[in-house]
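Notes follow once the structure below has been shown.
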Amino acid sequence: MTAVQGTLEPEHILFRAKLANVRPLVNMLKTISFRPRARCSINSDGLVFTVEEAQCLVAQVFFRSELFTTFSYDEQLAKHLNNQEQVGFETNDSQDDEASDMTQIVLPLDNLIECLTLFYGPSGTSSGNSQSGSHTTSSLLNAGNPGDLRGATTAVIGFNGLGADFELMLEERGTISMCRLATFMPEPPVDLKFSHVPITQQLIIRSEWLRDAFNELDPTSEAVSISIARTEPHFRISTIGDSGSTDMTYSNSERILDSFFCNEDQENQYKLSLILKSKQALAMSDKTKIRINQRGFLSFQFMVPTAADMSFVNFIYAPLISADEPAAADAAAARA
């Protein structure tokens with residue numbers, strides 16, 4: 001598909017935003033950087049970056065528009081471009097306006113982080129990446145040069161429709177670098193259908209307690225068991241590995257849990273190696289909301305303090321279920 005930015009006037013840019021300091025953005029993106037590519041969803045509320053693993057883990061980072069100094073997204077242009085993309089394809093009449101107003105692309109996440117850390121990260125010593133480092137001024141971003149701040153890498157990011165590059169203009173101490181990343185058409189996402197099933201258990205725990213629990217998990221274990229019950233122990237995390245068993249229990253105490261809800265006792269197992277992929281997000285967070293639905297699907301929502309009050313990283317997991325268990329068919333369908 002032909003890139004769009006050459007055919008539009010600057011005032012008709014699909015998306016452009018300014019950021020006074022890229023470090024919060026980088027730190028959040030690193031929490032899901034265990035995959036080389038990420039889906040980026042853009043709408044008027046902000047950006048969502050999503051990665052998937054093994055058909056049973058979906059991780060998302062949410063950047064609200066308030067995190068940015070300025071944030072501009074043309075919903076009408078997005079709807080027009082999305083309608084053009086649907087020409088020749090069957091569409092679902094029930095698709096809501098929110099979906100048609102959203103722009104979704106796939107970005108090379110590792111290269112995006114490398115570009116954002118060009119001035120201060122370890123990868124900034126190398127400029128061999130063919131997808132970044134163009135030093136010609138782009139009409140898409142030139143109007144937003146944030147050259148008045150010192151001591152932090154400021155950025156303007158922009159995108160002008162499917163087929164166009166994702167552009168970044170970085171500035172630090174008067175030095176400006178332009179980066180362009182190739183974008184890709186997104187494939188149908190993995191939908192674990194977490195929100196389609198009633199939530200039976202929910203708690204908010206102070207992240208320091210959960211970090212201690214994660215540090216005690218036996219890394220030789222294949223699975224981790226998570227139990228939430230109406231009676232003590234209200235919350236339990238356990239593993240069984242080569243070194244024996246590890247069992248951490250927590251009561252419904254205000255010192256540990258900020259809130260607790262359980263209308264059905266439940267214990268489920270999850271793949272430990274996937275659970276541990278959330279450790280970096282956990283390390284940055286103040287509190288963690290844990291939810292489990294009726295099918296045993298697990299959600300960790302990490303609340304990360306930022307200049308825009310609070311940002312969120314969300315991990316959703318499918319449970320481990322034996323093939324001979326009656327719920328296996330339902331779980332397999334939910335992962336599809």
Problem set entry | Identity of the residue in the stretch 206-265, exposed (fewer than 15 other Cβ atoms within 10 Å of the Cβ) and of a type in the set (Val, Ile, Thr), that ends up nearest to Gln301 (Cα to Cα) | Thr249
Seminar exercise, completed: With criteria (1) at pLDDT below 95; (2) more than 26 Å from Leu25 (Cβ to Cβ), Ala307 comes up short on (2)
Exercise. In the list Phe15, Phe34, which residue meets the criterion of being out of contact with any Cys (no Cβ under 8 Å at 6 or more places or on another chain) and within 25 Å of Leu320 (Cβ to Cβ)?
Worked result: Phe34
Exercise. In the stretch 154-182, what residues are in a strand (DSSP E or B) and hydrophobic (A, V, I, L, M, F, W, C)?
Worked result: Ala155, Val156, Ile157, Phe159, Phe166, Leu168, Met169, Leu170, Ile176, Met178, Cys179, Leu181
For this session: Hey, can you tell me all the residues within the stretch 193-242 that are in contact (Cβ under 8 Å) with a residue 60 or more places away in the chain, of a type in the set (Val, Ile, Thr) and in contact with a Ser or Thr (Cβ under 9 Å, 6 or more places away or on another chain)?
Result: Ile199, Ile204, Ile205, Ile226, Ile228
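If you check Phe302 against the conditions, is it modelled with pLDDT of 95 or more, under 30 Å from Asn21 (Cα atoms) and not in a loop (DSSP other than H, G, I, E, B)? So that I can check it myself, show each step before the final result.
Values: modelled with pLDDT of 95 or more: yes; under 30 Å from Asn21 (Cα atoms): yes; not in a loop (DSSP other than H, G, I, E, B): yes.
For Phe302, the condition - modelled with pLDDT of 95 or more, under 30 Å from Asn21 (Cα atoms) and not in a loop (DSSP other than H, G, I, E, B) - is met.
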Problem set entry | Of the criteria (1) within 30 Å of Ser227 (Cβ to Cβ); (2) exposed (fewer than 14 other Cβ atoms within 10 Å of the Cβ); (3) modelled with pLDDT of 90 or more, which one Ile199 fails | (2)
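Closer than 17 Å to Ser238 by Cβ, in a helix (DSSP H, G or I) and either hydrophobic (A, V, I, L, M, F, W, C) or not assigned by TED's automatic domain parsing to the domain that holds Ser221 (or both): does that describe Leu274?
Details: closer than 17 Å to Ser238 by Cβ: yes; in a helix (DSSP H, G or I): yes; either hydrophobic (A, V, I, L, M, F, W, C) or not assigned by TED's automatic domain parsing to the domain that holds Ser221 (or both): yes.
Yes, satisfied.
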Exercise. Just checking, which of Lys289, Lys279 is surrounded by fewer than 19 Cβ atoms within 10 Å (Cβ to Cβ), modelled with pLDDT of 95 or more and in a strand (DSSP E or B)?
Worked result: Lys289
Seminar exercise, completed: Just one listed residue, out of Arg211, Arg230, Arg255, is touching a strand residue (DSSP E or B) at 6+ places or on another chain (Cβ under 6 Å) and of a type in the set (Lys, Arg), and it is Arg230
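The values are calculated or read from the model by the stated rules, or taken from the named source; none is laboratory data. A quick note: this is a predicted structure, and the numbers were derived from the prediction, not measured. Here the Cβ is made from the backbone with ideal geometry for all residues, glycine too, and neighbour counts use every protein chain on show.
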